[in-house]
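In what follows, a single structure is set out as structure tokens and then discussed.
Read-outs throughout are calculated quantities, based only on the coordinates presented, and are distinct from any laboratory measurement. Not measured: the values here are computed from a predicted model. When we count neighbours, we look across all protein chains shown, and the Cβ atoms used for this are built from the backbone with ideal geometry, even at glycine.
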Amino acid sequence: MKLSLKRIIYYLIKLRSRIFLPFFLLYILITSYIILMIEPETFGSYLTALYWVMTALATVGFGDYAPVTDAGKAFTIFLYVTGIGMVSVFIGNILESVYRIEKMRVGGKMKYTGSNHIILIGWSEKSKAAVEEIITSDNRIDIVLIDHLEKSPIIDEHLFYVRGDATNEETLMRANLPEAKGVIIFAEDPLQANDTAKDPLLADGKTLLIATAITSIEEQMNLSIHVTAEVIHQKHIRLFERVKVDEFIPTNEMISHAAVRSLFSHGITHIYAELMSRQVGESIYEIAKRPQWVTYRDAFMDLLDEGATLVADHSNLHINQKLDERIPAGARLFVMCDKEVIAKIQPDAND
């Protein structure tokens, strides 16, 4: 009985919120008609009566129109007593609605409806750095974060939070995966994971499940979305053969390689940091092959004169050893330069 009473009260509260706005609008329309009927000479038209009612309820009271008959003044008192209270409730409902929407947004319960955004899956210090990197690279791009946190870890106009399980297709659709520019899957942070999830195989297994869910949506909707996945161990990459992941970041191998090389070549970690971050102003961009470039040397010298350095074709970094070779038709050329130079060389270069 107690539970039923609570449900009834909750239903009445919801019903009041739903019917209040149409009731309030109807109240304004009816009272405008009544005051026009009482004093047609004073107000002249329904629009003027509506204007007067709105200014009266808003307690603005410009004084350009005012009832002159006793009936009109009595109705005005009635309007003040009943209407101003309704306006207060109306404003309260608006503020409450704004609060609820913001609470849902921060709590990750709303669907993202934008497009050309980047989806980050998993919150950690790595994804935090990725958010800062994306904003630095292009502050026009929205970022959608998917995680299990109670609320968004960062409040930023370009960050949208979706709370849920990224292995669930419904969660990915709330992040508007079909309209996304790309997806980055971060491996679960061992410091934040429970004891079982600290196993690298299980962490990479979760990444695999997420990639499988993304692939399933791509196949259902005939999409092609660029997916980058972080894996703990490079040997686990073979497990991803049946899913579509465009690029892998083998965390442990990259860290180990940089650490070892730093012993043989002091200061090399600073070079790694500059290559992987835009904090120093330089970055790597892909550019299109120009018709006049026949060999890599042609491209290398032209770009050098323009302030950029040709560093790779696809993943081949040995450009300096093949300068006299012809550039193939399917070449993907990458240069290192700053934002100002790339804007001159190729305004629409991939950022």
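Could you compute the net charge surrounding ALA331? Neighbours are other residues with a C-beta less than 9 Å from the C-beta of ALA331; K and R count +1, D and E count -1.
+1
Ranked highest first by average number of other Cβ atoms within 10 Å, how do 211-221, 234-244 line up?
Averaged packing, sorted descending, gives the order 211-221, 234-244.
Would you mind putting 80-90, 170-180 in packing order, based on average other-beta-carbon counts within 10 Å, highest first?
The most tightly packed comes first, giving 170-180, 80-90.
If you take the square roots of the eigenvalues of the alpha-carbon gyration tensor of region 118-256 and sort them as a ≥ b ≥ c, do you get rounded (a/c under 1.5), prolate (a/b over b/c) or oblate?
Rounded, because the longest to shortest axis ratio a/c is under 1.5.
Straight-line reach only, C-alpha to C-alpha below 16 angstrom: list the aspartates and glutamates that LYS73 could link to, leaving out same-chain residues fewer than 8 apart.
Of all the aspartates and glutamates, those that pass the test against LYS73 - Cα under 16 Å, at least 8 places apart if same chain - are GLU39, GLU41, ASP64.
From the backbone phi of region 236-241, what are the Karplus-calculated ³J(HN,Hα) couplings (6.51 cos²θ - 1.76 cosθ + 1.60, θ = phi - 60°) in whole Hz, Gly and Pro given as x?
Each residue's phi maps through the Karplus curve to give 7, 4, 4, 5, 8, 4 Hz.
What pairs in LYS151/LYS235; LYS151/LYS244; LYS111/LYS151; LYS109/LYS244 have C-alpha atoms more than 23 Å from each other?
LYS151/LYS235; LYS151/LYS244; LYS109/LYS244
Would you kindly state how much longer the chain becomes between TYR80 and ASP324 on full extension, computed as 0.36 nm times their sequence separation minus their alpha carbon distance, in nm to one decimal?
79.1 nm
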